[in-house]
């Protein structure tokens with residue numbers, strides 16, 4: 001992933017999506033050659049010179065101050081995740097060569113986190129790393145995502161884009177894959193020198209046309225909470241609310257839980273799933289192989 005190209009494509013795609021009237025500007029001239037704002041219009045809105053903004057959009061964020069970045073975020077109407085991504089790109093541009101190395105990852109899974117997973121008995125719970133591997137799960141989590149855990153090294157990204165069962169398992173597969181790639185794009189911006197993550201992006205780009213198209217859109221999104229609809233092979237459709245919690249003491253690890261509305265068909269399906277999980281005698285905690293260090 002070339003950094004200058006990342007900056008250029010991210011800023012140009014954000015600029016293209018904003019019409020002049022959305023930015024409070026007149027649509028100067030009837031023959032516009034760009035779908036959204038022109039560079040000079042972004043420069044005007046951000047309060048910088050056209051030459052300076054042109055330099056930035058060509059991929060040179062070196063020396064850009066927080067004030068300039070904030071102004072660009074406002075001009076391009078970036079949301080929280082997109083603004084953070086812009087700052088991450090600038091951080092990379094201004095980092096010294098010594099600092100350009102993968103950020104520290106958690107060394108394995110702490111016993112207290114495994115005990116926490118074990119203590120969650122009425123809701124599916126899973127632990128994911130920033131390479132989108134599921135590294136641990138309670139029994140109900142493994143049962144819920146049984147098609148994913150059928151693989152020796154379950155990985156949400158590989159399953160979503162490479163497994164033919166994914167479009168059936170994810171009822172909203174189109175949206176789910178959009179969210180997944182937008183989350184991956186943010187992770188790549190935070191940690192651009194992580195070879196393992198770069199290799200995953202390269203693998204999916206080579207093997208999945210859908211992934212290539214979504215990656216080229218340069219969308220960035222947080223994946224913290226929402227509703228996920230799944231079509232489970234044993235209990236049928238479930239509509240669950242998920243919550244994702246980053247673990248500050250364990251860099252790169254995210255705990256996700258899933259709950260159903262009380263009294264809903266999905267709550268009944270979760271109880272059926274718990275009975276099925278008990279009958280299949282899956283272990284309380286499913287652990288992935290030991291974490292590999294970032295290369």
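The values are calculated or read from the model by the stated rules, or taken from the named source; none is laboratory data. Please read these numbers as outputs of a predicted model, since none were measured by experiment. Don't worry about glycine lacking a Cβ; one is built from the backbone with ideal geometry, like all the others, and counts go over all protein chains shown.
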Specify which of the listed residues (60, 88) is surrounded by 14 or more Cβ atoms within 10 Å (Cβ to Cβ), part of a loop (DSSP other than H, G, I, E, B) and either in contact with a helix residue (DSSP H, G or I) (Cβ under 8 Å, 6 or more places away or on another chain) or assigned by TED's automatic domain parsing to the domain that holds residue 204 (or both).
60
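Yes/no per residue for (1) within 28 Å of the chain's Cα centre (by Cα); (2) in contact (Cβ under 8 Å) with a residue 12 or more places away in the chain; (3) loosely packed, with under 14 Cβ neighbours inside 10 Å; (4) not assigned by TED's automatic domain parsing to the domain that holds residue 7:
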| site | (1), (2), (3), (4) |
| --- | --- |
| 41 | no, yes, no, no |
| 48 | no, yes, no, no |
| 65 | yes, no, yes, no |
| 71 | yes, yes, no, no |
Just to be sure, is residue 225 surrounded by fewer than 17 Cβ atoms within 10 Å (Cβ to Cβ), within 15 Å of residue 131 (Cα to Cα) and within 17 Å of the chain's Cα centre (by Cα)?
no
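Listed residues 214, 117; which is farther than 19 Å from residue 244 by Cβ and in contact (Cβ under 8 Å) with a residue 12 or more places away in the chain?
214
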Does residue 201 satisfy the condition of being exposed (fewer than 14 other Cβ atoms within 10 Å of the Cβ), over 19 Å from residue 86 (Cβ atoms) and under 17 Å from the mean Cα position of the chain (by Cα)?
no
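Answer yes if at least one residue in region 165-178 is on the phi < 0 side of the Ramachandran plot, outside the structural domain of residue 12 (by TED's automatic domain parsing) and crowded, with 22+ Cβ neighbours inside 10 Å, and no otherwise.
Step one: filter region 165-178 for residues on the phi < 0 side of the Ramachandran plot, giving 165-178.
Okay, now just the ones that are also outside the structural domain of residue 12 (by TED's automatic domain parsing), so 165-178.
Okay, now just the ones that are also crowded, with 22+ Cβ neighbours inside 10 Å, so none.
No, region 165-178 contains no residue that is on the phi < 0 side of the Ramachandran plot, outside the structural domain of residue 12 (by TED's automatic domain parsing) and crowded, with 22+ Cβ neighbours inside 10 Å.
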